[in-house]
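Asker: One structure, as structure tokens, below. Some questions next.
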Amino acid sequence: MNVGEIVEDALRYPLSDWKKVLIYGFIGLFTTTAVFRLFFAMNGLTNPGLILLLVILELIVSIYFTGYFLKIIKLSLSGAKKLPQFNVVNEKLSDGIKVFIVGIVYMIPIILTISIFAILSSAALGIIINYAINNGFNLENIISILLNLGIGIGIFLAIMYMIVVLPLFILSLVHMADNNSALVSAFKFREIFNKINSIGLINLILWYLSSGLIFLAILIFLGTFTLEIFNLLHSIDIGGLLISVVIVPYLYMYFARSSSLVYMKKIGE
């Protein structure tokens, strides 16, 4: 199975059951309750208990959402060609928690990078402020430039880190799924890198680049087209809703399926 065949299989995979794609999409709507909280705030409903309830709902649904993502990986590794059911909630919640933990660990370098540049910017600001007090010059412009530069560098490095590490993160989830969802398996980097060697670094890069282009094509071009169509009909909110319940879950399913096929070392066979 070459990269093209893997991509083709993964693109067809969600199309096998559009009902489940839509259900997954509607579940995804509740992974962020910011819209609901804004709606309540605009209507004067600022009850702290209600806001807390929405945040808890968001957390639980997000965990279930990522647990379903891991379930797709599990079934794909077992050779299944159909999307999983939405039952066995406990399993999906348990798997979702593990996915969140792995994600947090991979986020630590990003948090450290931004924090370091924030500290460096603060230290430099202290020096500039002291100099300005003693000598006098346009302090406001220099502070603005320095802050923007520090934040910009930190964000750039964080984005570059995410681009480079994302395939490793995805394969670590697949490796965890392949080992009975054992959390420790996501951090057995020697085994994961051995798997990458068996796949072939070039093949992995080709899959990653192909998937990235597909992601951009579907999310940006198709998403923009959808928004523009409904904007012309003065219903841009419906366009955004369609993106959330159709395009976004489709992409999640694609990545879960394609990463599983790549992991199974069938490239080139």
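The values are calculated or read from the model by the stated rules, or taken from the named source; none is laboratory data. Worth saying up front: this structure is predicted, and the values here are computed from it rather than measured. Cβ atoms come from the backbone with ideal geometry, glycine included; neighbour counts cover every protein chain shown.
Asker: Picking from LYS92, LYS98, LYS82, LYS71, which residue would you name as being surrounded by fewer than 19 Cβ atoms within 10 Å (Cβ to Cβ) and either modelled with pLDDT of 95 or more or of a type in the set (D, E, K, R) (or both)? Don't jump to the end; show me each part of the working.
Answerer: Values: LYS92 fails: surrounded by fewer than 19 Cβ atoms within 10 Å (Cβ to Cβ); LYS98 fails: surrounded by fewer than 19 Cβ atoms within 10 Å (Cβ to Cβ); LYS71 fails: surrounded by fewer than 19 Cβ atoms within 10 Å (Cβ to Cβ).
Matching residue, one of LYS92, LYS98, LYS82, LYS71: LYS82.
Asker: Out of all the residues in the range 204-214, is one or more farther than 24 Å from ILE6 by Cα, among the small types (Gly, Ala, Ser) and either crowded, with 18+ Cβ neighbours inside 10 Å or modelled with pLDDT of 95 or more (or both)? Full working, then the answer.
Answerer: Of the range 204-214, the ones farther than 24 Å from ILE6 by Cα are none.
Scanning the range 204-214, I find no residue that is farther than 24 Å from ILE6 by Cα, among the small types (Gly, Ala, Ser) and either crowded, with 18+ Cβ neighbours inside 10 Å or modelled with pLDDT of 95 or more (or both), so the answer is no.
Asker: Across the range 157-181, what is the total count of residues that are of a type outside the set (S, T, N, Q) and closer than 13 Å to LYS195 by Cβ?
Answerer: Residues meeting the conditions: 10.
Asker: Let me ask something else. Considering every residue within the range 181-190, establish whether at least one is in a helix (DSSP H, G or I), closer than 13 Å to PRO167 by Cα and of a type in the set (Ser, Thr, Tyr).
Answerer: no
Asker: Out of LEU139, LEU146, which single residue is modelled with pLDDT under 85 and touching a Ser or Thr at 6+ places or on another chain (Cβ under 7 Å)?
Answerer: LEU146
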